[in-house]
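Note sheet for the following structure.
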Amino acid sequence: MTYIFGHRGSAGTHPENTMISFQEAERAGADGIELDVQLTKDGEVIIIHDEKVDRTTDGKGYINNLLLKDIKKLNAGAKFQNGQFKAEIPTLNEFFEWFKGTNLFVNIEFKTKSISNYELEEKTVAMVKKNKLEERVIFSSFNHYSLVFCYRLAPEIETAPLYAEGLFMPWIYAQSIRAKGIHPNYRVIPDELITLSQNHGIKVRPYTVNQDEDIKRFLNCNTHAIITDFPKKAKELKTV
């Protein structure tokens, strides 16, 4: 069975990385949610993709230069579909309060480039443990140092490296950093590598799979999961 993860919630239909987007993904029948975390100037873990608030909100500036109280004043739906939605940028704590009442999984992506400062990872791991959500959380990142740090800190929480270029024998690389999965760009993971990786115990969850033909291909390959902006459409194709 292929699981459906809503990319930033239901980012194709609702403002990405907002509670209304996450709630829509659940309503659409998604099995899990993918989201992105960063730290504010005052050290709060918030859910947003970019380093700046400019693209998705009515504000401007870098996340790490803004206080949470100022970020909370922004409309995270301002740039989506002519501003028909109004939504706050959520904290990870706020997300967990809702998430605990669902049956979903969550893939938390660390948006960090540092290989020496792991404050974001430490705070996120602490929140996961406080809420006893270790079995429902997957950590991913393009920063693989981040994932190795998380494994050492909390080996019970699954990790999965993100990557956008082809890898030779990706299951070997995943095993080398103690990851249980891989999250490749959907363009760089041929059917044969999906099968080989999963036969070696490494779960494959490609991103961002939005076109019908691509969704069908990964379903036909029995890929462990797909990450998509359109979870409702993916669920419908899955049941055809």
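The values are calculated or read from the model by the stated rules, or taken from the named source; none is laboratory data. Remember, predicted model here, so these are calculated numbers, not experimental data. Quick reminder, even Gly has a Cβ in these numbers, built from the backbone with ideal geometry, and neighbours come from all protein chains shown. Areas reflect the complete protein model, heavy atoms only, side chains present, ligands, DNA and RNA absent. Shrake-Rupley method; radii C 1.70, N 1.55, O 1.52, S 1.80 Å.
What the table shows:
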{"quantity": "Any hit, the range 179-191, residues being over 22 Å from Val209 (Cβ atoms) and surrounded by fewer than 18 Cβ atoms within 10 Å (Cβ to Cβ)", "calculated": "no"}
{"quantity": "Filter pass, Lys203 being open to solvent by 60 Å² or more (accessible area, probe 1.4 Å) and under 18 Å from the mean Cα position of the chain (by Cα)", "calculated": "yes"}
{"quantity": "Any hit, the range 53-67, residues being closer than 26 Å to Ala225 by Cβ, surrounded by 22 or more Cβ atoms within 10 Å (Cβ to Cβ), touching a residue at least 12 places away in the same chain (Cβ under 8 Å) and not aromatic (Phe, Trp, Tyr)", "calculated": "yes"}
{"quantity": "Residue ID - most open to solvent (accessible area, probe 1.4 Å), chosen from residues in the range 100-123 that are within 20 Å of Phe5 (Cβ to Cβ) and without any contact (Cβ under 8 Å) to a residue 40 or more places away in the chain", "calculated": "Asn103"}
{"quantity": "Breaking point among (1) open to solvent by 40 Å² or more (accessible area, probe 1.4 Å); (2) among the aliphatic types (A, V, I, L, M); (3) part of a loop (DSSP other than H, G, I, E, B), for Leu196", "calculated": "(3)"}
{"quantity": "Only listed residue being in a loop (DSSP other than H, G, I, E, B) and either open to solvent by 40 Å² or more (accessible area, probe 1.4 Å) or among the aliphatic types (A, V, I, L, M) (or both), chosen from Asn210, Asn222", "calculated": "Asn222"}
{"quantity": "Number of the condition not met by Asp42 [criteria: (1) buried (at least 16 other Cβ atoms within 10 Å of the Cβ); (2) part of a loop (DSSP other than H, G, I, E, B); (3) in contact with a helix residue (DSSP H, G or I) (Cβ under 7 Å, 6 or more places away or on another chain); (4) not small (Gly, Ala, Ser)]", "calculated": "(1)"}
{"quantity": "Residues of the range 150-166 that turn out to be crowded, with 23+ Cβ neighbours inside 10 Å and either in a helix (DSSP H, G or I) or polar (S, T, N, Q) (or both), as a count", "calculated": "2"}
{"quantity": "Counted residues, the range 187-222 - those being touching a Ser or Thr at 6+ places or on another chain (Cβ under 9 Å) and basic (Lys, Arg)", "calculated": "3"}
{"quantity": "Condition broken by Val188, with the remaining ones in (1) under 18 Å from the mean Cα position of the chain (by Cα); (2) more than 15 Å from Glu34 (Cα to Cα) satisfied", "calculated": "(1)"}
{"quantity": "Odd one out for Ala78, checked against (1) touching a residue at least 24 places away in the same chain (Cβ under 8 Å); (2) farther than 28 Å from Glu236 by Cα", "calculated": "(1)"}
{"quantity": "Boolean, Ala160 is closer than 17 Å to Phe218 by Cβ, within 18 Å of the chain's Cα centre (by Cα) and modelled with pLDDT of 95 or more", "calculated": "yes"}
{"quantity": "Number of the exception - Gly9 against (1) on the phi > 0 side of the Ramachandran plot; (2) in contact (Cβ under 8 Å) with a residue 60 or more places away in the chain", "calculated": "(2)"}
